[in-house]
């Protein structure tokens, strides 16, 4: 090779050194070079000539030696056979052995081949010539020296033996022996083979090889060993299973366990090739290159170089560059780059930059100092720039994200476990466990290694501990732990979001500054020209505003020059003004707004009011305080005060311990200042789990007097004012696997009772019951296989259910006390059977009932026939124990009829008829006659199947008609059959009709009729031609919450002063009608019609109306009309109600989020359909 080729070969191995440090592998679609067959450039044609032989010399003579005749040839011995001529100075021809031994300047000539030696011989039978002693051969520019040579004339082959040295103009071949095929111009070398290319400066050694003279190519296939750049103090070497070289085309190929060594760089692969004319070199088959602590591996590697140096390296397929820490005591912190494809750009034999494509990832550990750091990143593309072999700049694009971790160490600390073991004065802090972590992502990431700054652009996000920063551009100064964000950044901390135009934030101290900042706590929006976070959970805001309106230009807001916000606690300001639009309305010296999200103690504001009236004078109503005692209980206190009239207090305590108990206690107290009396009302509800399937529940209520409910509750609290029944009850229930037990106590007090015969107080204490679930009568072991015995079959079909109960009940009237003690034992048997298509259910029940009644009457006067009669005191006790049993049975079956009319959407009708007959018998007991009765019943059910689009739908129970009656065979004539009961229910298309009638069976007269029906209608509407208008622009916080999409609303083509909007999604209107009618045989008919309807006129306007109409008297019993208007952050309502002949109204407008900011007129409670407890919270 030329000097240029030799320089290229040198550059190739310099490249391998650099690639081992910086380059991972890339795959290639090109075919790998292989040994293949011998090159077929073309064989030399040869002519053996005639097969005759001639031997001549200037003089000759015969002699006999050791019995063999020898012809001695002298001077100019010549042997000619075919195209081969052999000459020598003298010789000896052995006639019997047919061998001619030649001595002195032996020369063999065959066409262009010329062979010389000091001695030789020609063997006629084998037709071969042998040269010995300083053999020299020339053949068309190929010069050979060796110790011995054998020429086979027939095959045109020469066998060269001993210290063979063959050379042409560029290449020298050395070996122990060589077989030279002249017709193929191929030399096969054996033993200590050495091929040297003087032009390119490389040497190949091995145990066996070939050299193809016609194509000037060589191959070593046994233990080849290539040495390049022989003049270098550190020449490069290549070892492989097979090696081929092409000096003329400047190519070289090595394959099979290739190992390349240059200095301290070792490269291994399956095959390697260099194409010097194309300035390209390739390595295939999982190449791996190592130099000290740096390694490179992959699938393939392609190098490109110029005349002076390697300038580019392509790596394809699972590329990896890895650098281990130089300090052997540091483990687990290696830097690496990984990707599908890598391109290295070199300058002055140094890596200038690296470009990585596809599934890119890297982790970089800077040289450890007092701070241990790592930076892991991924992306679609990566770019690395180096300055003097040191990382300078990184750029990541695509779906990029990363994790920066750092750990600051004190002088006495180390993050290396091996170092802490070697130096016991150092304490060990594991990096993986204690390192702080900063997670970041963006569409584009830049890393400046010298400054250790990370720049994120386009959808940038940084997460540190519980803080997240979003923005168009974020700069993270890792050394200072500072964040700078621009482009409408958002800071999320602890679930709260902070918005602004620019942000600067200190991650370590949590202190930051926001320009044009805004945030939201609960329902309020806080804005400020400048917001500074000065401490944990403390912010200062300058030129700030507060509003609950989510529009960019709010309908109302509070404005102040300075505000201090204690996060999740309160916001406090100096002098503050309320603005409606841009108009100031009134000012306050300060504002303190609670922004806590959880339960907290404080004054209750929503219903608080105060004022002055003619009837009560000055008043304060619904002034309340809430006390969040702990996680398990709290208290609410609400009070009313009317000057010179009354003082009222309400207190509620709630408590709960999960999985154990829960409940509440309510206490109401009234002090009548005018009449100097007190009234109170106390109630409680409690539920507790005492154990497994063991529960206790109670509902208690007590009042101070009959007047307490009406005195304590306000007139608009209708339900509590009119309630005259005070009830308390306690119950305990316990269940076992087969037994259930319950015990209860109950007290009922009826208030304001004027009739002395009416019950005032009723009690039940105790009331106990023991129940056993129904079970079969067979107590033996169940047969699981084979046929069951007769007794098991019989008893398994019989079920029994016993029961025990008892109670003590009392009734207290004005002059009479009554006590009843009752105990009951019951046992029921049933045996359901099926006989053909008929279901039969015989039954037997036994009952023993004990009753003890005690009545005590006080002496009192009673009016009888317009005169007062004295009733004496008395005390009576009556006991009774009655045992009864009853037997009977029930038979029923089902009949089905199916019709397919195919009318419209109606596909089919199914009619189900269920007739049943029952019988009951009770024998005579304690002087009472026996009882028996027959019952009959007929149930009719219609089900429909309709087509809805392409699907079928079943409508069950469209019509249900029940007919029932009973017959007493012992009743007098025309009294045996009871009244026939008929009940018809019809449900279809959202309407329902129910009619119940009682019919006298002998005269077929209606004795009672009740009809109820209801229908609900709903739908949507659109009015006029519809245009489109953009909704008002939301503020930055509301836009982020809703996604910031523009909302399209509709309005009439000719809007009036107010632009109407379409109704909201769902029903735009609904109407409910309910009709009831009842008529008894001897009573008057009564019928009423109730109507309720609402009309969503637009998205924000709604009209509602309700009324009750007395059909019989043709009069309206009451009306209620209301209008509601949603004013975005405000709301307005107007109600007008008629009770009797009086119309009342109520108007109110208020801020939604702050109910205490309102204006009202009229009477509260009108149009609300009645109030519940005014103290609900």
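At a glance:
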quantity: Subset of segment 837-862 (residues that are outside any strand (DSSP E or B) and over 60 Å from the mean Cα position of the chain (by Cα)); calculated: 858, 859
quantity: Hits in segment 382-439 (condition: closer than 29 Å to residue 459 by Cα and part of a loop (DSSP other than H, G, I, E, B)); calculated: 435
quantity: Filter result (farther than 18 Å from residue 670 by Cα and in a loop (DSSP other than H, G, I, E, B)) within segment 682-706; calculated: 692, 693
quantity: Any strands (runs of 3 or more DSSP E) falling wholly within segment 909-1006 and containing at least 1 residues that are touching a strand residue (DSSP E or B) at 6+ places or on another chain (Cβ under 8 Å), over 28 Å from residue 839 (Cα atoms) and touching a residue at least 40 places away in the same chain (Cβ under 8 Å); calculated: 931-948, 951-967
quantity: Condition met for residue 753 (surrounded by 12 or more Cβ atoms within 10 Å (Cβ to Cβ), in the same structural domain as residue 823 (by TED's automatic domain parsing) and modelled with pLDDT of 90 or more); calculated: no
quantity: Segment 551-566, residues that are buried (at least 19 other Cβ atoms within 10 Å of the Cβ) and within 38 Å of the chain's Cα centre (by Cα); calculated: 554, 565
quantity: Matching strands (runs of 3 or more DSSP E) fully within segment 517-582 where at least 1 residues are closer than 22 Å to residue 1040 by Cβ; calculated: 524-535, 538-547, 556-566, 570-573
quantity: Unmet criterion (only one of (1) touching a residue at least 12 places away in the same chain (Cβ under 8 Å); (2) outside the structural domain of residue 515 (by TED's automatic domain parsing)) for residue 471; calculated: (2)
quantity: Filtered residue count, segment 658-696, keeping only those that are out of contact with any strand residue (DSSP E or B) (no Cβ under 7 Å at 6 or more places or on another chain) and surrounded by 13 or more Cβ atoms within 10 Å (Cβ to Cβ); calculated: 1
quantity: Conditions (1) surrounded by 15 or more Cβ atoms within 10 Å (Cβ to Cβ); (2) at pLDDT 85 or above; number of the one not met by residue 104; calculated: (1)
quantity: Tally, over segment 264-299, of residues that are closer than 20 Å to residue 321 by Cα and either touching a helix residue (DSSP H, G or I) at 6+ places or on another chain (Cβ under 8 Å) or buried (at least 24 other Cβ atoms within 10 Å of the Cβ) (or both); calculated: 15
quantity: Residue under evaluation residue 341, criteria (1) on the phi > 0 side of the Ramachandran plot; (2) at pLDDT 85 or above; (3) in contact with a strand residue (DSSP E or B) (Cβ under 7 Å, 6 or more places away or on another chain), criterion not met; calculated: (1)
quantity: When residues of segment 138-147 are limited to those that are buried (at least 18 other Cβ atoms within 10 Å of the Cβ) and modelled with pLDDT under 90, the one farthest from the chain's Cα centre (by Cα); calculated: 139
quantity: Selected residue (criterion: nearest to the chain's Cα centre (by Cα)) from residues of segment 313-332 that are buried (at least 17 other Cβ atoms within 10 Å of the Cβ) and more than 15 Å from residue 295 (Cα to Cα); calculated: 317
quantity: Any pair with Cβ under 7 angstrom, 6 or more apart, that starts in segment 567-579 at a residue that is touching a residue at least 40 places away in the same chain (Cβ under 8 Å) and ends at one that is surrounded by fewer than 15 Cβ atoms within 10 Å (Cβ to Cβ) and not in a strand (DSSP E or B); calculated: 567/537; 568/537; 568/597
quantity: Filter result for the condition that a residue is under 30 Å from residue 333 (Cβ atoms) and without any contact (Cβ under 8 Å) to a residue 24 or more places away in the chain, over 439, 455, 463, 513; calculated: 455
quantity: Some residue of segment 930-938 being at pLDDT below 90 and either within 27 Å of residue 978 (Cβ to Cβ) or in contact with a helix residue (DSSP H, G or I) (Cβ under 6 Å, 6 or more places away or on another chain) (or both); calculated: yes
quantity: Filter pass, residue 758 being part of a loop (DSSP other than H, G, I, E, B), in contact (Cβ under 8 Å) with a residue 40 or more places away in the chain and either in the same structural domain as residue 622 (by TED's automatic domain parsing) or out of contact with any helix residue (DSSP H, G or I) (no Cβ under 7 Å at 6 or more places or on another chain) (or both); calculated: yes
quantity: Breaking point among (1) at pLDDT below 90; (2) exposed (fewer than 15 other Cβ atoms within 10 Å of the Cβ), for residue 713; calculated: (2)
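Okay, residues lined up against (1) in contact (Cβ under 8 Å) with a residue 60 or more places away in the chain; (2) buried (at least 19 other Cβ atoms within 10 Å of the Cβ):
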position: 207; (1), (2): no, no
position: 223; (1), (2): no, no
position: 240; (1), (2): no, yes
position: 244; (1), (2): yes, yes
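The values are calculated or read from the model by the stated rules, or taken from the named source; none is laboratory data. Only a predicted model underlies this, so the values are computations on that prediction, with no experimental measurement involved. When we count neighbours, we look across all protein chains shown, and the Cβ atoms used for this are built from the backbone with ideal geometry, even at glycine.
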